[in-house]
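Written below as structure tokens is the structure these notes are about.
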Amino acid sequence: MASKEEISAFIAREFPQTRIVVEAVGDQRATISQVIDHADLRPGGTVSGPTLMAVADVALYVAVLGVIGIVPLTVTTSLTINFLRKPEAGRRIIGECQLMKVGKTLAIGEVSLYSEGIPDAVAHVVGTYAIPPQHLR
């Protein structure tokens, strides 16, 4: 298992382009957030789909690393997103992940995305991560 601090340091070192903040990790869960700025918006003033997908993908990654430890070559194999409502442009996006299954080679989880302070989800995501064989860790 990896701690919030270990995962945060790994993400900052290996993915310096990200603006994700790891809020919580544990019990096959993770909560992350990202501040939204002008670069994350699409015409019409809504948060872009690629931004929402990135937040969900990182939430899954963080939750998986929280269970298996820092295994950099753990990678996304599928990601399905359902956009539910327009995210608020001036609010952080919060990603709450719950892993459904963690096996030897695959981890499956779901992520609910929220505009900070609003109780209704803006998107629902289901994803799968491939965990490399032991000798690659």
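Name every residue in the stretch 83-115 that is in contact with a Leu (Cβ under 9 Å, 6 or more places away or on another chain), in contact (Cβ under 8 Å) with a residue 40 or more places away in the chain and either over 25 Å from residue 42 (Cα atoms) or outside any loop (DSSP other than H, G, I, E, B) (or both), in order of residue number.
Hits for the stretch 83-115 are 83, 93, 94, 95, 96, 97, 99, 107, 109, 111, 113.
Give 70, 118, 32 a once-over and let me know the one that is in contact with a helix residue (DSSP H, G or I) (Cβ under 7 Å, 6 or more places away or on another chain) and in a loop (DSSP other than H, G, I, E, B).
The unique qualifying residue is 70.
So for the stretch 61-74 (the condition being touching a Leu at 6+ places or on another chain (Cβ under 6 Å), under 16 Å from residue 127 (Cα atoms) and surrounded by 15 or more Cβ atoms within 10 Å (Cβ to Cβ)), does at least one residue qualify?
Checking the stretch 61-74: at least one residue is touching a Leu at 6+ places or on another chain (Cβ under 6 Å), under 16 Å from residue 127 (Cα atoms) and surrounded by 15 or more Cβ atoms within 10 Å (Cβ to Cβ).
So residue 107 fits all but one of (1) closer than 13 Å to residue 61 by Cα; (2) under 13 Å from the mean Cα position of the chain (by Cα); what number is the exception?
The single condition residue 107 does not satisfy is (2).
Kindly indicate whether residue 89 is over 21 Å from residue 108 (Cα atoms), at pLDDT below 95 and surrounded by 16 or more Cβ atoms within 10 Å (Cβ to Cβ).
Criteria met by residue 89.
Listed residues 80, 51; which is closer than 18 Å to residue 127 by Cα, at pLDDT 95 or above and either outside any helix (DSSP H, G or I) or among the charged types (D, E, K, R) (or both)?
After ruling out the rest, the residue left standing is 80.
Any idea how many residues of the stretch 24-50 are charged (D, E, K, R), at negative phi and surrounded by fewer than 17 Cβ atoms within 10 Å (Cβ to Cβ)?
Residues meeting the conditions: 2.
With 117, 95 as the choices, which residue is crowded, with 18+ Cβ neighbours inside 10 Å and either farther than 20 Å from residue 15 by Cα or modelled with pLDDT of 95 or more (or both)?
So the residue among 117, 95 that is crowded, with 18+ Cβ neighbours inside 10 Å and either farther than 20 Å from residue 15 by Cα or modelled with pLDDT of 95 or more (or both) is 95.
Suppose we filter 46, 128, 51, 105 for residues that are in contact with a helix residue (DSSP H, G or I) (Cβ under 8 Å, 6 or more places away or on another chain) and of a type outside the set (Lys, Arg); which single one remains?
51
The values are calculated or read from the model by the stated rules, or taken from the named source; none is laboratory data. Nothing here was measured: the structure is a model prediction, and the numbers come from that model. Cβ: placed from backbone, ideal geometry, glycine included. Neighbour counts: every protein chain shown.
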